[in-house]
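All remarks here apply to the structure that follows.
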Amino acid sequence: MSSLRSSRLKRVAVLSVHTSPLAQPGTGDAGGMNVYVLQTALQMARRGVEVEIFTRATSSADPTVVEAAPGILVRNVVAGPFEGLDKSDLPTQLCAFAAGVLREEARHEPGYYDLVHSHYWLSGQVGWLARDRWGVPLVHTAHTLAAVKNAALAEGDTPEPAAREIGERQVVAEADRLIANTSEEAKQLIETYGASPEKTDVVAPGADLAKYRPGDRAAARRELGLRDDEHIVTFVGRIQPLKAPDVLVRAAADLLARDATMPLRVLIVGGPSGTGLERPDSLIDLARSLGISEQVTFLPPQPPDRLVEVYRASDIVAVPSYSESFGLVAIEAQACGTPVVAADVGGLGTAVRNRETGILVQGHRTEDWSSAIRWMLADKHELVRMGENAQRHAANFSWERTATGLLASYEKAQETYAGALGRIDTQTTTKVDAMHRLRELIRL
Ligand code: UDP
């Protein structure tokens, strides 16, 4: 067991209301956050900290509790209908969800959970209540922010409602500590959401570096039924306007319009999510209207063991998102030695080193994307050099390191809390009084 284990931390309640860590990422509402929640839980459990993850049950077949791995329980809380509840209607079920979480805790001795870590603002709302009831600190990770997303909407995308930003601001004010993926996200939390810099920690996400490693490209292509004599440029992720796979399809059409003999293949891996350009069908239509249907291959969402082959098989992985708080796909691809062409937005500026491990493109103009891809494909040696750099760069982003950062933040949260409680003890007699005083102190 690692010496990094927090001596005062036995069990953490992790809240992930809208998406289960056990769901297949890459479609619907399941993406990087699911991977983040599961991978950090695995690291915590390895260090002797038990994790109980609360998520909303989305099927009548979901058992009440699942042991995801030793030391990790996933609790499926019934809150609203199993299927068919739109993400935009989830706020109506927060009360029911909170009740499920509070009832579970009430079945145990007081002090069963040492800390609450909420993911995304919906969970933050529930975490805020749980923290006040249980008298333990709340650590919150936003993952994405409405104000940031709305400032960089893709064409045809629906703006996030004002209610979300109000909810986010409340959670930012209430949380004892905030985790930002990058210093840029910390700046957004501080400048746009008024977060206190003293309670904001930057902890980078990671990749499963034992799984995402370079491998035999030809074997990976054989495994996926792809040809060996083509340039393969790949998109991996949820198909939605924000992720902008259409930017890659248009860039490919532009490249082929300039050189019809170019052996180019676009590989799109993932499933529909959200509104607008969400259906792979609409990308199929786009490819057809641009006359490049033959050069575009679609694969449904892939589990990690297959995804590693996708990254290995690709010459370049493209991440054209309009906004991205980090971009796990960029790190996973680089860990496999594949350079990345990414939009220079949000965390992608940290995940990719321009001209070293790939290219960061300003904006989403077709010509800029096609010339970046053309430049990368033109020089095989340069592509190999970037791939090697990419692997070295990705080695800085492990889930072990993320867990170390989270534990440091948890400790700070506990210290602040214990310190405040210690000061109260001399002045108050009951826990309820103490909690009221604590809230006052935190607000001072
Ligand atoms: N993913 C996957 N299979 C797929 C597509 C994506 O497992 O077919 C995973 C991918 O490995 C990554 C996550 O989904 O860990 C997407 O995270 P990212 O941060 O790139 O985007 P997000 O979904 O958070 O917007």
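The values are calculated or read from the model by the stated rules, or taken from the named source; none is laboratory data. Bear in mind that the values here come from a model prediction, so they are computed numbers and not experimental data. Cβ coordinates were reconstructed from backbone atoms using ideal geometry, including for glycine residues, and neighbour counts include every protein chain displayed.
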Selection status of residue 158, touching a residue at least 12 places away in the same chain (Cβ under 8 Å), assigned to a loop (DSSP other than H, G, I, E, B), among the β-branched types (Val, Ile, Thr) and under 30 Å from residue 251 (Cα atoms): yes
Some residue of the range 251-265 being buried (at least 22 other Cβ atoms within 10 Å of the Cβ) and either within 16 Å of the ligand (Cβ to nearest atom) or under 17 Å from residue 156 (Cβ atoms) (or both): no
Unique residue being hydroxyl-bearing (Ser, Thr, Tyr), closer than 24 Å to residue 21 by Cα and over 21 Å from the mean Cα position of the chain (by Cα) when the list is 141, 92: 92
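Of all residues in the range 289-336 being of a type in the set (Phe, Trp, Tyr) and either farther than 26 Å from residue 148 by Cβ or surrounded by fewer than 24 Cβ atoms within 10 Å (Cβ to Cβ) (or both), which is nearest to the ligand (Cβ to nearest atom)? Full working, then the answer.
Filtering the range 289-336 down to residues of a type in the set (Phe, Trp, Tyr) leaves 298, 311, 322, 326.
Remaining after also requiring either farther than 26 Å from residue 148 by Cβ or surrounded by fewer than 24 Cβ atoms within 10 Å (Cβ to Cβ) (or both): 298, 311, 322.
Working: 298: 11, 311: 9, 322: 11 Å.
In this case the residue turns out to be 311.
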Which numbered condition residue 364 misses (of (1) in a loop (DSSP other than H, G, I, E, B); (2) within 16 Å of the ligand (Cβ to nearest atom); (3) in contact with a helix residue (DSSP H, G or I) (Cβ under 6 Å, 6 or more places away or on another chain)): (2)
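Within the range 112-124, how many residues are in a helix (DSSP H, G or I) and in contact with a Pro (Cβ under 8 Å, 6 or more places away or on another chain)?
1
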Filtered residues of the range 34-73 (kept if out of contact with any strand residue (DSSP E or B) (no Cβ under 7 Å at 6 or more places or on another chain), more than 24 Å from residue 125 (Cα to Cα) and in contact (Cβ under 8 Å) with a residue 40 or more places away in the chain): 43, 46, 47, 48
Matching residues, the range 194-218, being in a loop (DSSP other than H, G, I, E, B), of a type in the set (A, V, I, L, M) and closer than 23 Å to residue 330 by Cβ: 203, 204, 209, 210
Subset tally (residues that are among the small types (Gly, Ala, Ser) and within 17 Å of residue 13 (Cα to Cα)) for the range 398-415: 4
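The rows are residues; the columns are (1) away from the ligand (no atom under 15 Å from the Cβ); (2) at pLDDT 95 or above; (3) within 28 Å of residue 302 (Cβ to Cβ).
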residue	(1), (2), (3)
10	yes, yes, no
15	yes, yes, yes
32	no, no, yes
46	yes, yes, yes
52	yes, yes, no
60	yes, no, yes
81	yes, no, no
Index of the failed condition, residue 345 passing every other in (1) within 11 Å of the ligand (Cβ to nearest atom); (2) assigned to a loop (DSSP other than H, G, I, E, B): (1)
Residues that are over 18 Å from residue 346 (Cβ atoms), of a type in the set (Val, Ile, Thr) and surrounded by 14 or more Cβ atoms within 10 Å (Cβ to Cβ), drawn from the range 356-399: 366, 373
Single residue of the range 223-262 satisfying the filter (closer than 20 Å to residue 299 by Cβ and among the polar types (S, T, N, Q)) that is nearest to the chain's Cα centre (by Cα): 240
